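See below for the structure under consideration.
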Amino acid sequence: MALSEHVDELLPVISQTLASSAAEVDRLGAFPAANFALLRQHGLLSFALPTSAGGAGADLAACRTVIAAVAQGEPSTALILIMQYLNARRLGEDSSWPAGVRRAVADSILERGALINALRVEPELGTPARGGLPATTARRTADGWRLSGEKIYSTGSVGLSWFLVWARSDDEDPLVGAWLVPASASGIRIKEEWDHLGMRATCSHRVVLEDVWVPRENAVNLSRWSAPRPGLNEEESLWMAVLLGSLYDAIARGAQREFIHFLQQRVPANLGRPLASLARFQDVAGRIETLLFTSRTLLNSAAAGEIAAADAAKVKQVTIDNAIRSVQLMVEHIGNHALTRTNGFERHLRNVLCGRIHTPQDDVIFTAAGQAVLQSSRSK
């Protein structure tokens, strides 16, 4: 589903509403419950849920537009919403999940505005994207499974209704994959230890599972460790790249608007005219606009299916790098004013710098691209 006229008209209002409390949300670092109540009110929590499950079935281009609007208002909210979209869109009738489990999650999104995210990173292992077995273990019982382990950087943690916990069974050749765990299950503790430089309201705390019971059918996506295990398919990789790129691009665009306003309004006494009249600032404004033009073109093309899904990681890398460089240029040219705590620029800088931590990281992207082009050149 493409973006409806109603949603298109609504998004600027949502951006402004979220922006009005963004500084306070950042300062407190608490879960932005009021933001999600607003998004639920306008049907945006079920926006990516397939129509077969009762949702809007929005396509990538429409979801990109929503994420960009939310991120321009308050980016931590947008990151949690990205995870909602990536997981909710898998709940259609073609899902491999047991029908009753899939229906229960979809209904909770529709009826209660439930949020869902995958919990994958562990204290010892780090990100599973680099390989290795999780320490979190699922032990079989007569009536289901018992899960024990710890997950860190759990985006949304205290605001989630469902955890997709990446774990292993206790078999010699373990089953590895996702167990669906209700956040209200007995044996779950959340250690509120997230105190980050940026994206502070994502509440990416540590989740501790201590002998947590789930039904047998909640083992929703498992395979043997000894069997080949594909990662994200190309479509999922494209969605992840476009939505993450859109989030950090939106942070830079929000900063750009403030930068332009500053240059147009700031009139130093010794100059007698706005900074915008100086070639030096015209040059840097043009450099920033060119970086963001490149990102907008890439993201729109990728969302429209005009870029191969195999190149998704490159889109993510370029757009996030452009966003970071853009905000850094603004801060560099504004000076002390931009680093003052009461000014929005320092918050934009802290938030945009978090873009580089998302999987896959730059070294993985560049190595894979290099290997591919070298192999292609060798075969010609």
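The values are calculated or read from the model by the stated rules, or taken from the named source; none is laboratory data. The structure presented is a predicted model; accordingly, all values stated were derived computationally and were not measured. A quick note on method: Cβ atoms are made from the backbone with ideal geometry, for glycine too, and the neighbour counts reach across all protein chains shown. Quick note on the areas: whole protein, heavy atoms, side chains included, nothing else; ligands and nucleic acids left out. Shrake-Rupley method; radii C 1.70, N 1.55, O 1.52, S 1.80 Å.
Out of all the residues in region 252-261, is one or more among the basic types (Lys, Arg), in a helix (DSSP H, G or I) and in the same structural domain as Leu292 (by the TED database)?
Yes, there is a match, as at least one residue in region 252-261 is among the basic types (Lys, Arg), in a helix (DSSP H, G or I) and in the same structural domain as Leu292 (by the TED database).
For region 192-203, does any single residue satisfy the condition of being open to solvent by 30 Å² or more (accessible area, probe 1.4 Å) and without any contact (Cβ under 8 Å) to a residue 24 or more places away in the chain?
Taking every residue of region 192-203 in turn, at least one turns out to be open to solvent by 30 Å² or more (accessible area, probe 1.4 Å) and without any contact (Cβ under 8 Å) to a residue 24 or more places away in the chain.
Given the residues Val70, Val13, which is the only one that is open to solvent by less than 10 Å² (accessible area, probe 1.4 Å) and not assigned by the TED database to the domain that holds Asn351?
Val70
Kindly list the number of the only condition in (1) free of Cβ contacts under 8 Å to residues at least 40 places away in the same chain; (2) in a loop (DSSP other than H, G, I, E, B); (3) more than 24 Å from Ile82 (Cβ to Cβ) that fails for Gly286.
(2)
Specify which of the listed residues (Arg90, Arg103, Arg64, Arg120) is open to solvent by 10 Å² or more (accessible area, probe 1.4 Å) and either touching a strand residue (DSSP E or B) at 6+ places or on another chain (Cβ under 7 Å) or in the same structural domain as Leu298 (by the TED database) (or both).
That would be Arg120, the only listed residue that is open to solvent by 10 Å² or more (accessible area, probe 1.4 Å) and either touching a strand residue (DSSP E or B) at 6+ places or on another chain (Cβ under 7 Å) or in the same structural domain as Leu298 (by the TED database) (or both).
Using the structure shown, decide if Ala323 is outside the structural domain of Ala68 (by the TED database) and over 16 Å from Arg253 (Cβ atoms).
Taking the combined requirement at face value, the residue does not satisfy it.
I'm checking my understanding of the structure. Among residues of region 136-150 that are part of a loop (DSSP other than H, G, I, E, B) and in contact (Cβ under 8 Å) with a residue 24 or more places away in the chain, which one is most open to solvent (accessible area, probe 1.4 Å)?
Asp143
(1) outside any strand (DSSP E or B); (2) on the phi > 0 side of the Ramachandran plot: which one isn't true of Tyr153, the others all being true?
(1)
Within region 315-372, can you find the residues that are open to solvent by 50 Å² or more (accessible area, probe 1.4 Å), closer than 19 Å to Thr202 by Cβ and part of a helix (DSSP H, G or I)?
Passing the criteria: Leu353, Arg356, Ile357.
With respect to Ser96, determine if the residue is more than 13 Å from the chain's Cα centre (by Cα) and at pLDDT below 95.
yes
Test each condition in (1) open to solvent by 70 Å² or more (accessible area, probe 1.4 Å); (2) within 22 Å of Leu349 (Cβ to Cβ) for Ala279 and report the one that comes out false.
Exception for Ala279: condition (2).
Going residue by residue through region 109-116, is there one that turns out to be more than 23 Å from the chain's Cα centre (by Cα) and either over 23 Å from Phe47 (Cβ atoms) or at pLDDT 95 or above (or both)?
Yes, region 109-116 contains at least one residue that is more than 23 Å from the chain's Cα centre (by Cα) and either over 23 Å from Phe47 (Cβ atoms) or at pLDDT 95 or above (or both).
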